[in-house]
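Enquirer: Dropping the structure in here first, questions after.
The values are calculated or read from the model by the stated rules, or taken from the named source; none is laboratory data. Note that this is a predicted model, so its numbers are computed, not measured. In this analysis, Cβ positions are derived from the backbone assuming ideal geometry, glycine residues included, and neighbour counts consider all displayed protein chains.
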Amino acid sequence: MDQDMDVTYQFFENSTDNFSESGDFEFGDEPCGRALSSNFSKIFLPTVYGIIFVLGVIGNGLVVVVMGYQKKVKTMTDKYRLHLSVADLLFVLTLPFWAVDAASSWYFGGFLCVSVHTIYTVNLYSSVLILAFISLDRYLAVVRATNSQATRKLLASRVIYVGVWLPAAVLTVPDLVFARVLTGSSHIHFFNHSIETADSRIICQRIYPLDSSIIWTVVFRFQHILVGFVLPGLVILICYCIIIAKLSQGTKGQALKKKALKTTVILILCFFTCWLPYCVGIFLDNLIMLNVVTPSCMLQQAVEKWISITEALAYFHCCLNPILYAFLGVKFKKSAKSALTAGSRSSQKVTLMTKKRGPISSISTESESSSVLSS
């Protein structure tokens, strides 16, 4: 799975090693019993991945359909919605592969192993980075309302490819280099241990060079924490805190401002509630691997359980994105209704709304931003 995911594969009775979903092999100095039963990998993980897959496909798929239907009514906000939904949709489409892998074995061969790793990684990073761009766009719309239109258009139409999709694509290089399939009954020499994979289990993982495996593992995990959480998290937190301060000023439109403030707080809480626990887990696991924190069997088991459970919470954010950034918006709900009915009358209505709306002016930016914040 993603290079930093630490849901542990259990290689049953004769295995004393931990295989992470990320393809990172983890070993302690001494054998430590499994923290999670094999039923966790075989039942819990596929079930959670299945739920996320269904909800993610429905929610993000509907956004993509509505945006496709609404061909001539695309604002900057609409463009971000589309980018975010495409990223989340492609992300959840990889989950069935990992669900089958966790429940049984990897049946899909070497090419799909590398492909699924790559697709998973590029869309995991792009999804989080797009959230940072959305918060920056809203900051410009609310705080820099007078002369921000050109900058917002530039961010939404061009900079997003350089600031989101290009870095996400570059971060898949480790998957292209290290992801591979290992068949059962094959010996692996790793961390001065000789391991034999149990039964006929086939795994799809990143396999790092023997002499520098710990370094590779730690570096890629810190990379995920930095690029996938800290940097976008800071942008989101700073932009939305400034927006809250801005909307708290003045007395006009208090009801609308309160709704926008409430939505802003929800956006911040959802992002950090979903991603912070997981990143704390892999950060602590890194410290254990580097012996910064004294390792013990009890601590390793606790961290393993924590990472395994919080991973599902982190992934669930891609199901919340359509709700937080699309379905709460009044304009989007109207567009969705028009797209689902697909009637000629609704098409004329959308066209009429477009003509009425006209170009976005700085005078209406605050009310628009409130709508954007709730969309």
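Enquirer: Considering only the range 265-306, how many residues are more than 20 Å from Val230 (Cα to Cα), in contact (Cβ under 8 Å) with a residue 12 or more places away in the chain and either in contact with a Lys or Arg (Cβ under 6 Å, 6 or more places away or on another chain) or of a type in the set (S, T, N, Q) (or both)?
Expert: Within the range 265-306, residues that are more than 20 Å from Val230 (Cα to Cα), in contact (Cβ under 8 Å) with a residue 12 or more places away in the chain and either in contact with a Lys or Arg (Cβ under 6 Å, 6 or more places away or on another chain) or of a type in the set (S, T, N, Q) (or both) number 2.
This table checks each residue for (1) without any contact (Cβ under 8 Å) to a residue 24 or more places away in the chain; (2) of a type in the set (D, E, K, R).
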| site | (1), (2) |
| --- | --- |
| Asp101 | no, yes |
| Gly110 | no, no |
| Ser115 | yes, no |
| Leu129 | no, no |
| Tyr139 | no, no |
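Enquirer: When both residues are 6+ apart or on different chains and their Cβ atoms are under 8 Å apart, which pairs have a first residue that lies in the range 243-256 and is modelled with pLDDT of 65 or more, and a second that is part of a loop (DSSP other than H, G, I, E, B)?
Expert: Ile243/Val143; Lys246/Val143
Enquirer: Counting residues that are of a type outside the set (A, V, I, L, M), within 22 Å of Leu324 (Cα to Cα) and modelled with pLDDT of 90 or more, which helices (runs of 4 or more DSSP H) fully inside the range 58-156 reach at least 3?
Expert: The qualifying helices (runs of 4 or more DSSP H) are 76-93, 109-142.
Enquirer: Which of (1) assigned to a strand (DSSP E or B); (2) at pLDDT below 65; (3) within 23 Å of Phe97 (Cα to Cα) is the odd one out, the single condition Ile195 does not satisfy?
Expert: Result: Ile195 fails condition (3) only.
Enquirer: Hey, another quick one. How many residues are in contact with a helix residue (DSSP H, G or I) (Cβ under 7 Å, 6 or more places away or on another chain) and surrounded by fewer than 17 Cβ atoms within 10 Å (Cβ to Cβ) if we restrict to the range 273-282?
Expert: Summing the residues that are in contact with a helix residue (DSSP H, G or I) (Cβ under 7 Å, 6 or more places away or on another chain) and surrounded by fewer than 17 Cβ atoms within 10 Å (Cβ to Cβ) in the range 273-282 gives 1.
Enquirer: Return the only residue of Val292, Val303 being in a loop (DSSP other than H, G, I, E, B) and either over 19 Å from the mean Cα position of the chain (by Cα) or buried (at least 22 other Cβ atoms within 10 Å of the Cβ) (or both).
Expert: Of the residues listed, the single one that is in a loop (DSSP other than H, G, I, E, B) and either over 19 Å from the mean Cα position of the chain (by Cα) or buried (at least 22 other Cβ atoms within 10 Å of the Cβ) (or both) is Val292.
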